[in-house]
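Asks: To start, I am sharing the structure in question, which I have written as structure tokens.
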Amino acid sequence: MSSFDAYEVRAVKEATSADLSVSGPELAGHALRAGVVDEVWVMISPVTVSAGKPAFPTDLRIELELLRERRFGNGAVHVAYRVLS
């Protein structure tokens, strides 16, 4: 990705009723910093592989409100949060 255009994302959000999604910690970090994220969905797995990249930017404080959670038989958990600030 060469650049993140928050103005373009806002324009698309205003022009459509469809949900937009981003994935991956780097792109999601840009979107969170720009304030264009309404909800965050995270799938937590009971397996770890190395340290990896942080799911959220480490230089940003984000207030979240839990909307829903779903637990799976294999121990994985899907959580959805509303971004408050």
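The values are calculated or read from the model by the stated rules, or taken from the named source; none is laboratory data. Since the model is a prediction, treat every value here as computed from it, not as a measurement. Quick reminder, even Gly has a Cβ in these numbers, built from the backbone with ideal geometry, and neighbours come from all protein chains shown.
Asks: If you check every pair at least six apart or on different chains, which have Cβ atoms under 8 Å apart with a residue in region 1-23 that is assigned to a helix (DSSP H, G or I) first and a residue that is of a type in the set (G, A, S) and at pLDDT 85 or above second?
Replies: A6/A31; A6/A34; A6/G35; V9/A31; V9/A34
Asks: Here is a list: A11, A31, A80, A15. Which entry is surrounded by 10 or more Cβ atoms within 10 Å (Cβ to Cβ), modelled with pLDDT of 85 or more and more than 10 Å from the chain's Cα centre (by Cα)?
Replies: A11
Asks: Mind checking whether some residue in region 38-54 is surrounded by 11 or more Cβ atoms within 10 Å (Cβ to Cβ), under 15 Å from the mean Cα position of the chain (by Cα), touching a residue at least 40 places away in the same chain (Cβ under 8 Å) and in a helix (DSSP H, G or I)?
Replies: Checked against the condition, which is being surrounded by 11 or more Cβ atoms within 10 Å (Cβ to Cβ), under 15 Å from the mean Cα position of the chain (by Cα), touching a residue at least 40 places away in the same chain (Cβ under 8 Å) and in a helix (DSSP H, G or I), region 38-54 yields no hits at all.
Asks: Something else: Can you pull out every residue in region 55-64 that is surrounded by 10 or more Cβ atoms within 10 Å (Cβ to Cβ) and of a type outside the set (V, I, T)?
Replies: A55, F56, P57, L64
Asks: Pick from H30, H78: which is assigned to a strand (DSSP E or B) and free of Cβ contacts under 8 Å to residues at least 60 places away in the same chain?
Replies: Testing whether each residue is assigned to a strand (DSSP E or B) and free of Cβ contacts under 8 Å to residues at least 60 places away in the same chain leaves just H78.
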